[in-house]
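Presented below is the structure to which this report refers.
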Amino acid sequence: MWAITRGGFYRKLLNFPKTISRPLMGTSNLIRVSSLAYSTGSPNDVPSKRVGTHSGSFHCDEALGCFMICLTNKFSNSEIVRTRDPKVLEGFDAVLDVGGVYDPSRDRYDHHQKGFEEVFGHGFNTKLSSAGLVYKHFGKEIIAKELQLGEDHPDVQRLFLAIYKNFMEAIDAIDNGINQFDTDKPPRYVNNTNLSSRVGRLNLDWMDHNQSPEKENEAFQQAMAVAGSEFLDSVRFHAKSWLPARSIVMECIADRYDTDPSGEIMVFKRFTPWKLHIFELEEEMKVDPPIKYVLYEDDRGKRWRVQAVAISPDRFESRKPLPAQWRGLTDDELSKEAGIPGCIFVHISGFTGGNQTYEGALAMARTALKI
């Protein structure tokens with residue numbers, strides 16, 4: 001038989017059903033995927049529990065949900081069995097995305113039944129998919145393991161919400177057919193590169209001659225690998241990059257009046273991915289007036305940048321672009337127009353500019369506030 005490793009390579013396994021490795025926490029345990037007709041393995045290698053999901057074509061939500069639930073203490077070393085037989089499903093330890101029941105006390109996580117309106121809460125109102133349900137009930141445990149902290153630690157709670165917002169919610173919305181924008185206008189372009197689309201393309205092609213349950217299970221294993229790998233990447237990004245950046249942005253917002261008495265200019269001594277945090281922290285810290293410009297040193301050239309803050313996280317327009325008369329100018333011509341030495345450039349849209357020194361960049365921001 002064959003195993004799909006996290007790197008996408010295949011290695012032969014003797015006397016095992018088709019399996020997929022679980023990389024979280026460095027574990028080498030394996031998740032089995034089978035249908036009733038293809039559930040194999042020796043009597044000495046019986047999984048502790050069985051998790052059921054439906055057979056047939058699959059979506060991202062149940063692939064990710066199955067991956068996540070097997071990362072938990074309760075369902076580690078579980079076998080994933082794909083079937084639509086309700087009598088068989090009734091005997092399983094957990095059931096995802098099939099069965100018409102949502103009952104966490106019995107580990108039933110379906111979202112297709114009439115009257116189902118469960119949401120994540122915490123200000124999120126998107127109806128949950130099976131993945132969202134698993135995350136709602138087990139996400140803190142998974143994150144706490146990665147951070148090696150208790151589930152009640154503030155950082156675990158913070159990442160629990162951030163990962164739902166930045167990763168999980170889109171999967172819930174797409175699976176439930178919820179549009180991203182409140183408009184009847186057609187999209188300006190097609191985007192089939194999101195995780196849900198890529199997982200969907202792993203289903204057997206209608207032109208494939210081999211449509212067997214065994215082949216279908218292989219495809220589902222690959223779907224679990226793709227969805228699970230990206231989920232773990234998101235957890236680790238938020239733990240190792242997002243969380244430290246948030247702390248730095250919070251400190252810089254608190255110190256902004258040391259930079260300029262307006263409170264509308266913020267400085268980073270080194271580049272930090274501040275755009276991920278500034279809007280949420282402004283609201284949390286009740287920042288008024290809102291920050292207009294961010295200064296930071298460009299590590300590549302040891303020069304300083306001044307960047308206008310966008311009006312919202314998903315918009316390109318700036319709250320206060322750099323002055324129109326500066327835009328598109330460079331070097332001496334820009335310095336002369338602005339009356340500030342050391343200017344390097346201002347982008348044609350006015351969203352960013354540069355200066356040779358911190359003092360010059362600060363002067364550009366202060367002058368721009370007054371124009």
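The values are calculated or read from the model by the stated rules, or taken from the named source; none is laboratory data. Note that this is a predicted model, so its numbers are computed, not measured. All Cβ positions, glycine included, derive from the backbone under ideal geometry; neighbour counts span all protein chains shown. Calculation scope for accessible area: heavy atoms of the full protein, side chains included, ligands and nucleic acids excluded. Shrake-Rupley method; radii C 1.70, N 1.55, O 1.52, S 1.80 Å.
A few notes on this one:
- Meets criteria (open to solvent by 20 Å² or more (accessible area, probe 1.4 Å), closer than 21 Å to V156 by Cα and either assigned by the TED database to the domain that holds F167 or touching a residue at least 12 places away in the same chain (Cβ under 8 Å) (or both)) for L232: no
- Hits in region 161-181 (condition: over 22 Å from H112 (Cβ atoms), of a type outside the set (S, T, N, Q) and either open to solvent by 40 Å² or more (accessible area, probe 1.4 Å) or outside the structural domain of L133 (by the TED database) (or both)): L161, K165, F181
- Residue tally, condition open to solvent by less than 60 Å² (accessible area, probe 1.4 Å) and out of contact with any strand residue (DSSP E or B) (no Cβ under 9 Å at 6 or more places or on another chain), over region 215-229: 5
- Spans of strands (runs of 3 or more DSSP E) in region 280-371 with at least 1 residues aliphatic (A, V, I, L, M): 293-298, 303-308, 343-346
- Single residue of region 144-191 satisfying the filter (in a loop (DSSP other than H, G, I, E, B) and charged (D, E, K, R)) that is nearest to G132 (Cα to Cα): E151
- The residue that is least open to solvent (accessible area, probe 1.4 Å), among those in region 344-359 that are free of Cβ contacts under 8 Å to residues at least 40 places away in the same chain and either over 12 Å from Q307 (Cβ atoms) or not assigned by the TED database to the domain that holds G328 (or both), is F345.
- Remark: pairs (first residue in region 188-205, in the same structural domain as A63 (by the TED database); second residue in a loop (DSSP other than H, G, I, E, B); Cβ separation under 6 Å; 6+ apart in sequence or on different chains) = N203/S57; L204/Q211.
Conditions (1) over 17 Å from E62 (Cβ atoms); (2) hydrophobic (A, V, I, L, M, F, W, C); (3) surrounded by fewer than 22 Cβ atoms within 10 Å (Cβ to Cβ); (4) assigned by the TED database to the domain that holds Q221, marked per residue:
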| position | (1), (2), (3), (4) |
| --- | --- |
| D85 | no, no, yes, yes |
| E118 | no, no, yes, yes |
| G121 | yes, no, yes, yes |
| A131 | no, yes, no, yes |
| V134 | no, yes, no, yes |
